[in-house]
Structures are given as C-alpha cells and as structure tokens.
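Below is one structure, written out as structure tokens, with a few remarks after it.
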Amino acid sequence: MVRTPIIRFDKVSKSYGDLDVLQQLSFDVSHGEKLALIGPSGSGKTTILRILMTLESLDSGSIFIEGEGLWHEENNGQRQVASDAHLRHMRSKIGMVFQLFNLFPHKTVLENVTLAPVLTGAMNASEARVKGLELLDMVGLSDKAEQKPAQLSGGQKQRTAIARALALQPRIMLFDEVTSALDPELVEEVLNVMRKLGEETDMTMLLVTHEMSFARDFADRVMFFDSGKIVESGTPDTLFSNPQHERTQMFLKKVIAAGLRV
Amino acid sequence: MEWDWAFAFEILPTLGKGIVVTIQATLAGSVLAMVVGLGLAIARRVKNRWIAMPASFFVSFVRGTPLLVQLYFLFYILPDIGILLSPLTAGIVGLGLHYATYTAEVYRAGIDNLPRGQWEAAKAVNLSTRATWQHIIIPQAIPPMIPALANYLVAMFKETPLLAAITVLELMNQARSIANYHYKYVEPMTMVGVFFLLVSIPSVIFLRYLERRFSTVSQ
C-alpha cells in the first residue's frame, strides 16, 4: 500500500511583485524523509519552508499535509481559503527552526521550550516542565535551563530553538539555514543534534542549507533549486557526484571554489 | 508686592484640597491613558478595517483638536445627549483620552521595534493571536517605552490646571478662587508654581533614571 505523502506541493506559485519566487512547483515528501533543499540564494527554497509554516501565503496551487489542505479547506466539496482555526490545526503538525534563532529573550531557556505546550493547552505546566527538561537534555542544555538566551552562545541558542520546536511534537520539522548565523566552531554541535534527531525519530525533516557535506551525509534526497524551480532532485550521491544539469554542476563548482565544505 | 506668610499658611489647607484633586486627576488620567493607548495601538494594527479605521480616525481627531475644547465637549455638550459626567470624571476622561492618543504612538513605536522574528516564532509554535500579544509582544515592548510613557504622564500632570475650565476644584482653581476673593495673587499663584515644581523636578530626575535603567536592557 502506498501511503499518502506527508507533504504534497501541487503546482504552487508565489511571487513578490514581478519576481516569481516559486513557479508551478510540484513535489512530494514521504513520511520520515530527510529532504535537503539547496541552491543559490533567492532561488525560493526558504520561501518553501515559510509557506509550509504558514508565515507566508501562496498565490496559486495547493499544498497537502497528510492529505489535508494546508492553505485551503474543503467544505461540502467547496474549496475555501483556510480559516484561522484551520491554520492553527495544521500548524500543530509542523515545527520550524530559524536562521536567527528567534528565541524569546525575556523567557528562560526552559520557558522558551515550555511556553507553547502550556499556552496551546497541549500539556499542563508540570507535564511541560518534564518534557522541556527531557528535550533540553536531548540537545545537551540541561544545565542552562534557568538562563536567559542572552547568556548563551549561538550554538546553544540554536539548540534551544530546536528543543522549542520539538516541544509541540510536530511530525514535520523545518530547518531554515540553521547554521548560517553561527561561528564556524559552533556549527557542528547544532548539526549533531539534527543527526541525533534523524537517528532517534522518524520525523520528516526539510532543511535549507549551505552545509553541503552535512546534506550529503544526512539527507535521503537532495533538491537543487534555481529561480523557483526544481532543476534536479535525487539521492545525495547522484546529485553531488554526478549532477546531470549544467546549472547544478556550476552551482556545486562555485560552492567548492568558495571554500565551503562539500 | 509683599509676601504675606500668615496669609500663605492660612490658605494652605484649601490649596491642599486642590492638590489632592490634581493628584487624583493625574493618576486616574494616567491609568486611562496607558490602557486606552494600548488598546488604540493594538486596534490600529488589526487586519479588520472596521476596527483599525475608527481607531485611526479617533487618534487623528483627538490629536487635531485642543484639550480645552475636548473638555468643554465632555462637560457642557455631552449632557445634551443625556451623558452627564461630574466635573472631575469629565476631566479625567478628557485627560486620559487625549493622552491615550499620544501613548498609543509610543506603544506603536515600541511594538514596531520588535523584530519580525518574534511574531514568526510565536506563529511557528502555534500561539494564538491573544497569547502572542500577551506573552511575547507586550512584555518585550513595554520596558523600552517606559521613559517615553512617563514623559507624557508628567506632561499630563502639568496640563491639569485646564480642568479649572470645567469647574474642577483642582489646585489651580482653588488658588484662583482664593486670589479672586482676597484680591491677593502673589501667594496662591506662587504656591501653585512651587507645588508643580516640587513634583516636576523629582519626576524629571526619576525619568532620567528610567531612561538609563531601561536603555540598558539587552536581548
């Protein structure tokens, strides 16, 4: 039996004024898949994550999460724009980690993690605390629980942000260039948490990244984007060792020339 | 012009009553200005035009007309449509609503200064709009705006003599009636000035302290 894909993009388009960010984009992601999105900046990969997290709307096309419309709902066979209630229902399936962490600076590390489960009614305060400490332990920050984000290093901030996103037990995690703002020596600790997450859970993970060697080791599939379109998609080995398209080859060559790790 | 100490002491209790009213009007007006101002700032940001537009209109309207005219409206004209306010209530409502349009602007700036990432993170962890305001936006936006808010409250305090125009027996009105009765202006008016100075100067010092205290709040 073929399972419904956990994410389906069906002819999704999005533009900002004259700029077409996504053009008739269609692809599926299967349950538990680790999908890396790579490509030059402005190619639309971050927009894909932002639309999935409902931070931005789409102009046309449909997105389905486990077969259910993300930005639309069906009422008596009529297609309607998603209501706020529907969007909140869909958001509960998805977690996101941002490039610039976006931690809540007025809350402690533990509160950053427990705030949403408590306020959304998913857990009571003591359950959330237990779960929060468990997650902080998982990302190696048990000893920082009572500190404020300002007292943390960039890598610690990002690990807190991962714990925060996991607290609502999403099925899909989105990672938007989560190591781009970090000092090089702090990158590995964040990637390690993501590896651990990949090994210990069957969570579906989408990552936009410039860490090519990580994408190669970690992802089940890599998609190369340019100008809002998928140029090439395949296993990391195929895409990195034997890219079929000229644009993919040029991009990888440039990345190597820039000294980034491949 | 001679200063009459005996007269000054004689009128002190009456002026004292006025001081109490002045302080009442300032405190109640401040609370109103802070609460309504926040409401206006939030209302102007909501997507629903039927809430945002009237709020914007109200702000422009109140800012575009003098406080004295507004006080006259509240006290002398509202009774024509059946709304009767006591002088002090009308005064507090007038001061509070007038300054709410200024504090609304302070709130707006404070809210706009928060990074967009805070809104996005709140959405990503699925907080409701209400929870986002209550737990993420307002607690972060308020501390940096405290000096600016306090500044408007000091300004409001110095505007309270306008309430004399709608028969509120605040400090200025008490002083004026004493002066008119005795034909002696030096003592009551000087004492009014001294009282305002005694409150304003410490307030300014306190404001400087607030500015230092909250400008160093870091992320």
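The values are calculated or read from the model by the stated rules, or taken from the named source; none is laboratory data. Remember, it's a predicted structure, so these values are computed and weren't measured experimentally. Cβ placement follows ideal geometry from the backbone for every residue including glycine, while neighbour counts extend to all protein chains displayed.
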- Message: Being more than 14 Å from every other protein chain (Cβ to nearest Cβ) and either at pLDDT below 95 or in a strand (DSSP E or B) (or both) is true for just one of A:191, A:239, A:206. Which residue is that?
- Response: A:239
- For residue A:97, are the conditions met, namely being in contact with a Phe, Trp or Tyr (Cβ under 6 Å, 6 or more places away or on another chain), among the aliphatic types (A, V, I, L, M) and modelled with pLDDT of 95 or more? yes
- Item | Count - residues of region A:151-178 that are under 13 Å from residue A:94 (Cα atoms) and surrounded by fewer than 18 Cβ atoms within 10 Å (Cβ to Cβ) | 1
- Message: When the residues of region A:133-153 are narrowed to those that are without any contact (Cβ under 8 Å) to a residue 12 or more places away in the chain and not acidic (Asp, Glu), which ends up farthest from residue A:122 (Cα to Cα)?
- Response: A:151
- Message: Among the residues that make up region B:158-165, is at least one of them outside any helix (DSSP H, G or I) and surrounded by 19 or more Cβ atoms within 10 Å (Cβ to Cβ)?
- Response: no
- Message: Filter region A:216-236 down to the residues that are assigned to a strand (DSSP E or B) and over 17 Å from the mean Cα position of the chain (by Cα) and list them by number.
- Response: A:226, A:229, A:230, A:231, A:232, A:233, A:234
- Task: Please state which one of A:148, A:144, A:131 is within 11 Å of chain B (Cβ to nearest Cβ), closer than 14 Å to residue A:111 by Cβ, crowded, with 18+ Cβ neighbours inside 10 Å and at pLDDT 95 or above.
- Result: A:148
- For region A:154-173, pairs from a residue that is facing chain B (nearest Cβ under 10 Å) and in a helix (DSSP H, G or I) to a residue that is among the small types (Gly, Ala, Ser) and buried (at least 21 other Cβ atoms within 10 Å of the Cβ), with Cβ under 6 Å and 6 or more apart or across chains, are A:165/A:95
- Message: residue B:187 - would you say it is of a type in the set (Asp, Glu), surrounded by fewer than 17 Cβ atoms within 10 Å (Cβ to Cβ) and more than 26 Å from residue A:54 (Cβ to Cβ)?
- Response: no
- Task: Please work out if residue A:69 is over 30 Å from residue A:213 (Cα atoms), of a type in the set (Gly, Ala, Ser) and free of Cβ contacts under 8 Å to residues at least 24 places away in the same chain.
- Result: yes
- Item | Every residue from region A:1-53 that is in contact with a Lys or Arg (Cβ under 9 Å, 6 or more places away or on another chain), aromatic (Phe, Trp, Tyr) and free of Cβ contacts under 8 Å to residues at least 24 places away in the same chain | none
- Task: Check residue A:57 against each of (1) farther than 17 Å from residue A:172 by Cβ; (2) within 21 Å of the chain's Cα centre (by Cα); (3) surrounded by 15 or more Cβ atoms within 10 Å (Cβ to Cβ) and name the one condition it does not meet.
- Result: (3)
- Note on the structure: Pairs returned, first residue in region B:202-219 that is under 19 Å from residue A:149 (Cβ atoms), second residue that is loosely packed, with under 13 Cβ neighbours inside 10 Å and modelled with pLDDT of 85 or more, beta-carbon separation under 6 angstrom, 6 or more apart or interchain, are B:218/A:150; B:219/A:150
- Note on the structure: Filtering region B:95-128 down to residues that are over 30 Å from residue B:72 (Cβ atoms), more than 14 Å from every other protein chain (Cβ to nearest Cβ) and in contact with a helix residue (DSSP H, G or I) (Cβ under 8 Å, 6 or more places away or on another chain) yields B:109, B:111
- Selection within region A:33-54 - surrounded by fewer than 21 Cβ atoms within 10 Å (Cβ to Cβ) and over 13 Å from the mean Cα position of the chain (by Cα): A:40, A:41, A:42
- Would you mind stating whether residue B:169 is over 30 Å from residue B:120 (Cβ atoms), in contact (Cβ under 8 Å) with a residue 60 or more places away in the chain and within 19 Å of the chain's Cα centre (by Cα)? yes
- Note on the structure: The one condition residue B:141 fails out of (1) of a type in the set (Gly, Ala, Ser); (2) at the interface with another protein chain (Cβ under 7 Å from one of its Cβ atoms); (3) closer than 19 Å to residue B:43 by Cα is (2)
